[in-house]
Amino acid sequence: MKRNKYTGLFYLTPWLIGICFFVIYPFLMSFYYSFTNYSLLDEPAFIGFDNYIRMFTNDPTFWVSLKATIKFVIFTVPLKLIFALFIAYIMNFKLKGIGFFRTAYYIPSILGANVAIAVLWQFLFKSDGLINMALNMVGMDSIGWFSSPNGAMFTIVLLRIWQFGSAMVIFLNALSEIPQELYEASSIDGASKFRQFFSVTLPQLTPIIFFNLILQLVQAFQEFDGPFLVTGGGPMKSTYLLPMYIYESAFKNFDMGYSGALSWVLFVMIMIFTTILFKTSSKWVFYADGGK
Amino acid sequence: MEQAINFKKNRNERVKKKVSVFFKYFLLILGTLLMLYPILWLFGASFKSNTEIFKSIWFVPSSFDFTPYVEGWKTSSQYTFSTYFLNSFSIVIPKVLLTLISCTLAAYGFARFNFPMKKILFPMMIATLFLPGIVTRIPMYIFWKNAGLLDSYIPLIANSAFACDTFFVYMLIQFFRTIPTELDEAARIDGCNSFGIMTRVLVPIIKPALITVALFQFIWTFTDFQGPLIYISSVDKYPVAIALRMALDTTSADFSWNKNIAMSIIGLLPSILIYFAAQKHFIGGSTAGGIKG
């Protein structure tokens, strides 16, 4: 093939079809469905803003689920990132056998969203499970993890923090790319390791922190497997996150229109959060090349 | 005298260093235990009797009994786990292969060419990276329903043929960018066309990245729960993830934890095996190209 200005587009053909058909088309359709009443049996019937009005004025489940979602995101995202960064920092030490430790810390993340992990989690936090056995051993009382709202939320937040591996790997790559001279220069200036972390490492990492933050945020807002498999959304809907509500509206109640409206509200919320982050990023994200 | 002071100073430094190394290893080992003990305990529990499981936090069973594995494999349905594993692989294998082909093409197109509309298409690609998939789920379900393809694997696989796993496209672009374009030019002078440059020059170089993509796609597809939950309704087509969940649902009086745990361990094995098989390339690959924000 001759090299002309369309060669690149030729390689993009599958992707172009894909983005039109699997992204743009369903994206617009879900917006349309959100203004309809559609049970899959009849044609969708246009009902204007009714779904949204119902959601905001006449659906306590929506508010409960919105609150649970925000709570989940606010606890999971920062804790997971701090933990991932801390471990990546340690994994970057030049020690013998560090490869073994990197693998060990990464294993829970490879197992990921496995149903088996949900079995494990239920099993750890059962009233007579491992966690309570350990608490009893140190003389503390058992905790009813799945019977209290905060306990149940804690278990699904902890599940995701335990799987900090992908964020850690991204941090680890970035850490290994920080120029060594920066540390040498600052240690000549007499900076302690602690000081170096805050005045060299952290600023150098801000673009990666930003990337990870957005990725984790989008992911956390869509959390489904954890609450669905581990807590079942309970107790008292305290872990009934929006994606689970969206799933049940669509595939249990076959209320496709309402479910579409819920997913659009979730989408707008993610957009608001990411836009705020993008807008504030110029204040704290530092690009070595001045930003391109 | 001065020498003695120096010697003492050096010795103090050495001791200090040793203490710090010791402290680091101590932390690392403690962390490893915390991270992996739950899995180890799960593994041990798969050999224990149902009454023994909840008696001790020690993971080693009093005797190794393989009955939970044998019984668990049979399942309470009419199909054994052999069926569910075959089902999982008939989703995973085509999906991994299609992802590798379609994402390499797309990444090559973006990384190596200038074309009209690139200024619109590239940001669009980045935007889909952050687009919540949940918004597109319901219309896609309705589409596949109208196409009469519910309860088949096509809805689970199709998007991979069209490079819709944006994360992989993005990752491969980053890898392509680390390869100097002089290589392309040299191959062109030798008479290679652009397709030949991709297949003969660039693909061999980014092999570690492709292995990483295959590894992630394998694990994500194998463990995917929501996709099959929505699309697959006949038991004989269930993949492992759904079969495990179904086993959990049997809330009979003699709910056997050990059988479920044994099958969960089996369900974890493919991910662990493939990770260790690909690990050398995976770690090398992830540091060679890396993901830059």
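The values are calculated or read from the model by the stated rules, or taken from the named source; none is laboratory data. Here the structure is a predicted model, which is why all the values come from computation and not from measurement. Glycine gets a Cβ as well: all are built from the backbone with ideal geometry, and neighbour counts include every protein chain shown. Ligands, DNA and RNA are stripped out before the accessible areas are found, and what is left, the full protein with its side chains, is counted by its heavy atoms. Shrake-Rupley method; radii C 1.70, N 1.55, O 1.52, S 1.80 Å.
Out of the residues in region A:131-161 meeting the condition of being polar (S, T, N, Q) and part of a helix (DSSP H, G or I), tell me which one is farthest from A:Asp225 (Cα to Cα).
For region A:131-161, the residue satisfying everything is A:Asn136.
Residues that are open to solvent by 70 Å² or more (accessible area, probe 1.4 Å), of a type in the set (Gly, Ala, Ser) and within 9 Å of another protein chain (Cβ to nearest Cβ), at least 3 per element: which helices (runs of 4 or more DSSP H) completely within region B:1-108 meet that?
Those helices (runs of 4 or more DSSP H) do not exist here; none qualify.
Identify, please: which residue in region A:36-86 is of a type in the set (Ser, Thr, Tyr), within 14 Å of chain B (Cβ to nearest Cβ) and under 13 Å from A:Ala261 (Cα atoms) and is, among those, least open to solvent (accessible area, probe 1.4 Å)?
My answer is A:Thr36.
Just one of the numbered conditions (1) touching a residue at least 12 places away in the same chain (Cβ under 8 Å); (2) under 26 Å from the mean Cα position of the chain (by Cα) is not true of B:Val201; which one?
(2)
Name the one entry in A:Ser282, A:Ser176, A:Ser187, A:Ser192 that is facing chain B (nearest Cβ under 10 Å), among the small types (Gly, Ala, Ser) and either open to solvent by 40 Å² or more (accessible area, probe 1.4 Å) or touching a residue at least 24 places away in the same chain (Cβ under 8 Å) (or both).
Values: A:Ser282 fails: facing chain B (nearest Cβ under 10 Å); A:Ser187 fails: facing chain B (nearest Cβ under 10 Å); A:Ser192 fails: facing chain B (nearest Cβ under 10 Å).
Answer to the check: A:Ser176.
Can you name every residue in region A:91-130 that is of a type in the set (Val, Ile, Thr) and either more than 23 Å from the chain's Cα centre (by Cα) or not in a helix (DSSP H, G or I) (or both)?
Scanning region A:91-130 gives a single hit, A:Ile98.
Among the listed residues A:Ile178, A:Ile156, A:Ile209, A:Ile188, identify the single one that is under 30 Å from A:Gln122 (Cα atoms) and among the aliphatic types (A, V, I, L, M).
The conditions single out A:Ile156.
Run down B:Thr67, B:Thr75 and say which single residue is over 25 Å from B:Ser160 (Cα atoms), at pLDDT below 85 and out of contact with any Phe, Trp or Tyr (no Cβ under 8 Å at 6 or more places or on another chain).
B:Thr67 is the lone residue from the list that is over 25 Å from B:Ser160 (Cα atoms), at pLDDT below 85 and out of contact with any Phe, Trp or Tyr (no Cβ under 8 Å at 6 or more places or on another chain).
When both residues are 6+ apart or on different chains and their Cβ atoms are under 6 Å apart, which pairs have a first residue that lies in region A:203-230 and is at the interface with chain B (Cβ under 10 Å from one of its Cβ atoms), and a second that is surrounded by 21 or more Cβ atoms within 10 Å (Cβ to Cβ) and among the small types (Gly, Ala, Ser)?
A:Leu205/A:Ala174; A:Ile208/A:Ala174; A:Asn212/A:Ala167; A:Asp225/A:Ala113; A:Leu229/A:Ala118
Cβ-Cβ below 7 Å, separation at least six or inter-chain, first residue in region B:41-68 and under 20 Å from B:Gly267 (Cα atoms), second at pLDDT below 80 and β-branched (Val, Ile, Thr): which pairs?
Hits for this filter: B:Ala45/B:Ile53.
Considering every residue within region B:183-195, establish whether at least one is closer than 20 Å to B:Ile93 by Cα and aromatic (Phe, Trp, Tyr). Spell out how you get there, then give the answer.
Within region B:183-195, the subset closer than 20 Å to B:Ile93 by Cα is none.
Scanning region B:183-195, I find no residue that is closer than 20 Å to B:Ile93 by Cα and aromatic (Phe, Trp, Tyr), so the answer is no.
Looking at (1) aliphatic (A, V, I, L, M); (2) more than 9 Å from every other protein chain (Cβ to nearest Cβ); (3) part of a helix (DSSP H, G or I), find the lone condition where B:Ala161 falls short.
Result: B:Ala161 passes all but (2).
Being closer than 14 Å to B:Trp257 by Cβ and either open to solvent by less than 30 Å² (accessible area, probe 1.4 Å) or within 8 Å of chain B (Cβ to nearest Cβ) (or both) is the filter here, so list the residues in region A:126-151 that pass it. If you could, list the steps in order and put the result at the bottom.
Step one: filter region A:126-151 for residues closer than 14 Å to B:Trp257 by Cβ, giving A:126-130.
Hits for region A:126-151 are A:Lys126, A:Asp128, A:Gly129, A:Leu130.
Just a yes or no: is a residue in region A:251-267 within 12 Å of chain B (Cβ to nearest Cβ), in contact with a strand residue (DSSP E or B) (Cβ under 6 Å, 6 or more places away or on another chain) and surrounded by 15 or more Cβ atoms within 10 Å (Cβ to Cβ)?
Scanning region A:251-267 turns up at least one residue that is within 12 Å of chain B (Cβ to nearest Cβ), in contact with a strand residue (DSSP E or B) (Cβ under 6 Å, 6 or more places away or on another chain) and surrounded by 15 or more Cβ atoms within 10 Å (Cβ to Cβ).
Pick from region B:109-141 the residues that are more than 9 Å from chain A (Cβ to nearest Cβ) and touching a residue at least 12 places away in the same chain (Cβ under 8 Å): which of them is nearest to B:Ala209 (Cα to Cα)?
If we take residues in region B:109-141 being more than 9 Å from chain A (Cβ to nearest Cβ) and touching a residue at least 12 places away in the same chain (Cβ under 8 Å), then B:Ala111 is nearest to B:Ala209 (Cα to Cα).
Taking the stated definitions as given, is B:Leu210 touching a residue at least 12 places away in the same chain (Cβ under 8 Å), away from chain A (no Cβ under 12 Å), touching a Leu at 6+ places or on another chain (Cβ under 8 Å) and over 26 Å from B:Ile274 (Cβ atoms)?
Considered against the rule, which asks whether it is touching a residue at least 12 places away in the same chain (Cβ under 8 Å), away from chain A (no Cβ under 12 Å), touching a Leu at 6+ places or on another chain (Cβ under 8 Å) and over 26 Å from B:Ile274 (Cβ atoms), B:Leu210 comes out as no.
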